[in-house]
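The values are calculated or read from the model by the stated rules, or taken from the named source; none is laboratory data. Values in this document were obtained by computation on a predicted structure and should not be read as measured data. Backbone-built Cβ (ideal geometry, glycine too); neighbour counts: all protein chains shown. Areas reflect the complete protein model, heavy atoms only, side chains present, ligands, DNA and RNA absent. Shrake-Rupley method; radii C 1.70, N 1.55, O 1.52, S 1.80 Å.
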Amino acid sequence: MTLTVRVISPDKTVWDAEAEEVVLPSTTGQLGILSGHAPLLTALDTGVMRVRSNKNQDWLAIAVLGGFAEVDQDEVTILVNSAERGDKINLDEARSAFNQAQTRLNQVTQGDRLGQIQATQTYKRARARFQAAGGLV
């Protein structure tokens, strides 16, 4: 049996196809979904979700920037603030953005709470995109 997986952002549908398995970056850790999974609603963190399609046994990485996932009767609906397929991300640009975000995060002073929050969010987004593009394991 397979899962029907839909990844929907406000401006587009990023993925809508059958899959054998999905791994989601939930706010409590990685969450694997297989056919027959119990009904579930979970919050997603910024990170990389992985989809293993049944056409080929390769995994597709998708950078997701927060949202929610619902699992019900072998249908996985993922509503996210933003998402980008890893195979559509330029690896060199993602690496550069990741390095810049990491440098910025390391330079934020302890007393600058707002700066720390913004730098952390930028870092998490850049890291997710870089991972999805294949830059980090």
Report, to the nearest 10°, how far helix 113-132 tilts away from the longest principal axis of the Cα atoms in the chain, using its own Cα long axis and a range of 0 to 90°. 50 degrees
Round to the nearest 10 and give me the degree value, 0 to 90, for the angle of helix 91-107's Cα axis relative to the longest principal axis of the chain. 50 degrees
Using a 1.4 angstrom probe and counting only protein chains, how large is the accessible area of Lys12 in Å², to 10? 100 Å²
Once both labels are modelled 7 Å past Cα along the beta-carbon direction, what's the Asp16-Arg85 spacing in nm? 1.4 nm
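Counting only other residues whose beta carbon sits under 14 Å from that of Asn90, what net charge do I get with K and R as +1, D and E as -1?
On the way: positive: Arg85, Lys88, Arg95, Arg129; negative: Glu84, Asp87, Asp92, Glu93.
With Lys, Arg at +1 and Asp, Glu at -1, the neighbours total 0.
Working with all protein chains in place, sort Asp74, Asp45, Asp16 by solvent-accessible area computed with a 1.4 Å probe, largest first. Please list the in-between numbers first.
Numbers: Asp74 30, Asp45 55, Asp16 95 Å².
Greatest to least solvent exposure: Asp16, Asp45, Asp74.
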Could you sort the peptides 78-87, 30-39 by per-residue average Cβ neighbour count (10 Å cutoff), highest mean leading? 78-87, 30-39
Just to verify a number: what accessible area does Arg6 come out at with the full protein assembly present, 1.4 Å probe, Å² rounded to tens? 70 Å²
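As an exercise, take the mean of 1/r over every pair of distinct alpha carbons in the chain, invert it, and state the Kirkwood radius in angstroms. Don't skip to the answer; put the middle values down first.
On the way: mean 1/r = 0.0647 Å⁻¹.
So the Kirkwood estimate lands at 15.5 Å.
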